[in-house]
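Colleague: One structure, as structure tokens, below. Some questions next.
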Amino acid sequence: MGALALKVICVHSVIGPGLLNKCKLGVKTINFSSKKDVWFTVLVWGFVSFIVLIYIFGGEPVGNQFITYKSIPGYLIGILMVALLLWLWFGAGYQIKGNMLNIRFGPFNKTIKVNDIKKISAVNNSSFSRKLTIHYGEYDVISLSPKNESQFIKFLIDINPDIELSDTIV
């Protein structure tokens, strides 16, 4: 398990069957990092590089501009844009805590009850990466891309054995 990039933390109360019982002291918390596909990598690091290079090699602004990149508001906007892109890059991941699945993507967070998950299927998209599609609630669907799909699915099924796996999950 050392090479799986999983972090298991025990806190205060015991819940659920199976793997959760191995953590006798409390709720099991497992963190999974997110895969980043080629397009997301090019988009984030391309914009970050572009913004940094503008500030390093950019000349004097031409024309009538309300905010130039070399003014204080320009620096603030540039720093905020780079910070947001880096937050999206480094702040993407998934956490299974008790019977809750927490999804983080920078400033955006979503929590799903694992017991509400009905089906998990795998979808290959055009950027050569595979994503898991999770059907939960009545008609809700979300796509996730954990680095270790098999362990991620295993932990979800251990909490909710009623989850249906599609034929595309190997």
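The values are calculated or read from the model by the stated rules, or taken from the named source; none is laboratory data. Just so you know, these numbers come straight off a predicted model, no measurement behind them. FYI the Cβ positions are ideal-geometry reconstructions off the backbone, even for glycines, and counts take in every protein chain you see. In case anyone asks, the SASA skips ligands and DNA or RNA and just uses the protein heavy atoms, side chains included. Shrake-Rupley method; radii C 1.70, N 1.55, O 1.52, S 1.80 Å.
Colleague: May I ask you to verify whether Asn160 is open to solvent by 30 Å² or more (accessible area, probe 1.4 Å) and more than 28 Å from Ala83 (Cβ to Cβ)? Talk me through it step by step, then tell me what you get.
Modeller: Details: open to solvent by 30 Å² or more (accessible area, probe 1.4 Å): no; more than 28 Å from Ala83 (Cβ to Cβ): yes.
For Asn160, the condition - open to solvent by 30 Å² or more (accessible area, probe 1.4 Å) and more than 28 Å from Ala83 (Cβ to Cβ) - is not met.
Colleague: For region 43-62, does any single residue satisfy the condition of being on the phi < 0 side of the Ramachandran plot, open to solvent by less than 50 Å² (accessible area, probe 1.4 Å) and touching a residue at least 40 places away in the same chain (Cβ under 8 Å)?
Modeller: Checked against the condition, which is being on the phi < 0 side of the Ramachandran plot, open to solvent by less than 50 Å² (accessible area, probe 1.4 Å) and touching a residue at least 40 places away in the same chain (Cβ under 8 Å), region 43-62 yields at least one hit.
Colleague: Oh, and also: Return the pairs, sorted by first residue and then second, in which the second residue is open to solvent by less than 20 Å² (accessible area, probe 1.4 Å) and modelled with pLDDT under 50, the first residue lies in region 14-42 and is over 23 Å from Ala122 (Cα atoms), the beta carbons are less than 9 Å apart, and the residues are 6+ apart or on different chains.
Modeller: What qualifies is Val14/Leu20; Val14/Cys23; Val27/Leu20; Lys28/Leu20; Thr29/Cys23.
Colleague: Filter region 66-109 down to residues that are part of a helix (DSSP H, G or I) and among the small types (Gly, Ala, Ser) and give me whichever is farthest from Asn160 (Cα to Cα).
Modeller: The first filter runs over region 66-109 and keeps only residues part of a helix (DSSP H, G or I), leaving 72-90.
Subsequent filtering for residues that are among the small types (Gly, Ala, Ser) retains 74, 78, 83.
Values: Gly74: 50, Gly78: 45, Ala83: 37 Å.
Filtering region 66-109 for residues that are part of a helix (DSSP H, G or I) and among the small types (Gly, Ala, Ser), the one farthest from Asn160 (Cα to Cα) comes out as Gly74.
Colleague: Here is a follow-up. Looking at region 101-111, can you tell me whether even one residue there is at pLDDT 90 or above, open to solvent by 30 Å² or more (accessible area, probe 1.4 Å), farther than 27 Å from Ala83 by Cβ and of a type outside the set (Val, Ile, Thr)?
Modeller: no
Colleague: Does at least one position in region 21-30 carry a residue that is within 22 Å of the chain's Cα centre (by Cα), at pLDDT 90 or above, surrounded by 11 or more Cβ atoms within 10 Å (Cβ to Cβ) and of a type in the set (Ser, Thr, Tyr)?
Modeller: Checked region 21-30: no residue is within 22 Å of the chain's Cα centre (by Cα), at pLDDT 90 or above, surrounded by 11 or more Cβ atoms within 10 Å (Cβ to Cβ) and of a type in the set (Ser, Thr, Tyr).
Colleague: Here's something else I'd like to know. Taking region 112-147 as the search range and keeping residues that are polar (S, T, N, Q) and open to solvent by less than 30 Å² (accessible area, probe 1.4 Å), which one is modelled with the lowest pLDDT?
Modeller: Taking region 112-147 and keeping what is polar (S, T, N, Q), we get 115, 121, 124-127, 129, 133, 143, 145.
Okay, now just the ones that are also open to solvent by less than 30 Å² (accessible area, probe 1.4 Å), so 121, 127, 129, 133, 145.
On the way: Ser121: 90, Ser127: 59, Ser129: 73, Thr133: 89, Ser145: 89.
Looking at residues that are polar (S, T, N, Q) and open to solvent by less than 30 Å² (accessible area, probe 1.4 Å), I get Ser127.
Colleague: Right, another one. Has region 137-152 got any residue that is within 30 Å of Ser49 (Cα to Cα) and touching an Asp or Glu at 6+ places or on another chain (Cβ under 7 Å)?
Modeller: Checked against the condition, which is being within 30 Å of Ser49 (Cα to Cα) and touching an Asp or Glu at 6+ places or on another chain (Cβ under 7 Å), region 137-152 yields no hits at all.
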